[in-house]
Amino acid sequence: MLLNDKTVIITGASRGIGRAAALECARQGANLVIGYSGSDSSRPLVDELIGEIRSLGRAATSVGAPAGDPDTGDKLVDAAVEHFGSVDVFVNNAGICPFHSFLDMPRETYLETVNTNLNGAYFAVQAAANRMKEQGYGGAIIAVSSISALVGGAMQTHYTPTKAGLLSLMQSCAVALGPYGIRCNALLPGTIETDINKDDLADQDKRDYMIGRTPLGRLGRPEDMAGPIAFLASDMAAYVTGASLLVDGGMFVNLQ
Ligand SMILES: NC(=O)C1=CN([C@@H]2O[C@H](COP(=O)(O)OP(=O)(O)OC[C@H]3O[C@@H](n4cnc5c(N)ncnc54)[C@H](O)[C@@H]3O)[C@@H](O)[C@H]2O)C=CC1
Ligand SMILES: C[C@H](O)[C@@H]1OC(=O)[C@H](O)[C@@H]1O
């Protein structure tokens, strides 16, 4: 197992990529802190996930707190220490992408997206890193960025800068935290079928276009992200830091 007895915190883990990553980390021997928004609608999903993790023989607890709140990182770290005694891996995954055109982008939509996806991540990474430094034996931090860190989207002008920001944050943190043995890497998913793009991909033409751009011939599944996240979290990636791992079925390189 890649993550035996490690404590892994994952934000936005109630569903989608975060959920799949939590289950894979549990299969690899980790105990989990499940970060979620704190909304009543997410609670049953979180309870179900915790049940699944326990049935895999691992332990899990949850923290309901909005990703954009600068205090959320401290709450996640405190829960990890209280329940499991350490923070070994921090996965910043929570994110939103309310598709909207640029010229009439509502200020609140822009600000909520940047707060949720990037500002909260900054302070959460800082909280995890401080704990890892205190522990004295390193750790792994992974930000779920996106192929959108590298390319644009007309309906994503508020979103793509947050994903480029996360990639940049991991690069700078790799430099800042390397001396403490803390590795920082970015995962760049392509188009993965989850709730975040359910409405967008309900348009059959758009869906066919995205599949057509993907050399592997299908959209991604949350489970496709889980292995790469577990790898980056593990000692198999002991010399990997400041890296970005594009997991997109080949979409990015498919120009013609
Ligand atoms: N699905 C895709 O095609 C891609 C997704 N990503 C990124 O992957 C990450 C996970 O998204 P998906 O699993 O695809 O979508 P999803 O919508 O299924 O999951 C997003 C998660 O973030 C949580 N979340 C949203 N707002 C939150 C808040 N304010 N506080 C705490 N949690 C909050 C949701 O409850 C959910 O658990 C996001 O950061 C997204 O930007 C990156 C590239 C592609
Ligand atoms: C939400 C989008 O479908 C998804 O998010 C990303 O980061 C990808 O680039 C896709 O556009």
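At each listed q (0.14, 0.19, 0.20 Å⁻¹), what is the log10 of I(q)/I(0) that the Debye formula gives for the range 105-255 modelled as equal alpha-carbon point scatterers? Evaluating at q = 0.14, 0.19, 0.20 Å⁻¹ gives log10 I(q)/I(0) of -0.73, -1.19, -1.27.
For Tyr137 and Val253, the FRET efficiency from 1/(1 + (r/R0)^6), where r spans their Cβ atoms and R0 equals 51 Å, is about 0.85. For the range 85-182, dividing the convex hull volume of the Cα atoms by the residue count gives 86 Å³ per residue. The dipole here belongs to the chain: it is taken about the Cα centre, uses +1 on the Cβ of Lys and Arg and -1 on the Cβ of Asp and Glu, and is about 500 debye.
Helix 43-55 and the longest principal axis of the Cα set of the chain meet at an angle near 50°. For the range 71-121 and the range 1-67, what is the separation of their C-alpha centers, rounded to whole Å? First find each Cα centre; the distance between them is then 16 Å.
Taking amide H as placed 1.01 Å from N in the peptide plane, the amide H of Ile182 sits under 5 Å from that of Gly139, each at least 5 places away or on another chain. In the chain, helices alone account for a calculated mean residue ellipticity at 222 nm of -12500 deg cm²/dmol, with every DSSP H run of four or more residues adding -39,500 (n - 2.57).
Computed with the Debye formula from one identical point scatterer per Cα of the range 159-240, without solvent, the log10 of I(q)/I(0) at q = 0.12, 0.19 Å⁻¹ comes to -0.49, -0.95. Sticking with the crude label model, points 7 Å out along Cα→Cβ, report the distance from Val175 to Tyr122 in nm, one decimal please. Taking the simple label geometry, Val175 and Tyr122 are separated by 1.6 nm. Here's how it looks for Ile192: its modeled amide H is under 5 Å from those of Gly220, which are all 5 or more places away or on a different chain.
Cys residues of the chain that find no other Cys beta carbon under 4.7 Å: Cys25, Cys97.
Protection proxy ranking for 64-70, 238-244, 11-17, using the average of other Cβ atoms within 10 Å per residue and placing the highest first: 11-17, 64-70, 238-244.
Each peptide in 231-237, 43-49, 90-96 was scored by the mean count of other Cβ atoms within 10 Å over its residues; highest first, the order is 90-96, 231-237, 43-49. Roughly what angle does helix 120-135 make with the longest principal axis of the chain, taking Cα atoms, 0 to 90 degrees, to the nearest 10? So the helix axis and the longest Cα principal axis differ by about 30 degrees.
Amide H to amide H, with H built 1.01 Å from N, Ser62 comes under 5 Å of Ile34, counting only residues 5 or more places away or on other chains. Across the chain, Cα pairs under 8 Å and at least six residues apart give a relative contact order of 20 percent. Quick one: of Lys6/Lys75; Lys75/Lys163; Lys75/Lys133, which pairs are farther than 20 Å apart, Cα to Cα? Correct reply: Lys75/Lys163. For the chain, what percent of Cα pairs sit more than 25 Å apart? Summing the P(r) of the chain above 25 Å gives 39 percent of all pairs.
With θ taken as phi - 60° and the Karplus curve 6.51 cos²θ - 1.76 cosθ + 1.60 applied, the whole-hertz 3J(HN,Hα) list for the range 199-208 is 5, 4, 7, 6, 6, 4, 5, 5, 4, 4 Hz, x standing for glycine and proline. Summarising the label geometry, the points placed 7 Å from Cα in the beta-carbon direction at Asn4 and Glu52 lie 2.5 nm from one another. Relative to the longest principal axis of the C-alpha atoms of the chain, give the angle of the C-alpha long axis of helix 72-84, reported between 0 and 90° and rounded to the nearest 10°. Once rounded, the angle reads 40 degrees.
Modelled this way, with points 7 Å down the Cα-to-C-beta line, the labels at Asp40 and Glu112 are 1.8 nm from one another.
No value in this document is a laboratory result; all are computed from the given coordinates. The shown structure was predicted, so the numbers you read here are calculated from the model rather than taken from an experiment. A quick note on method: Cβ atoms are made from the backbone with ideal geometry, for glycine too, and the neighbour counts reach across all protein chains shown.
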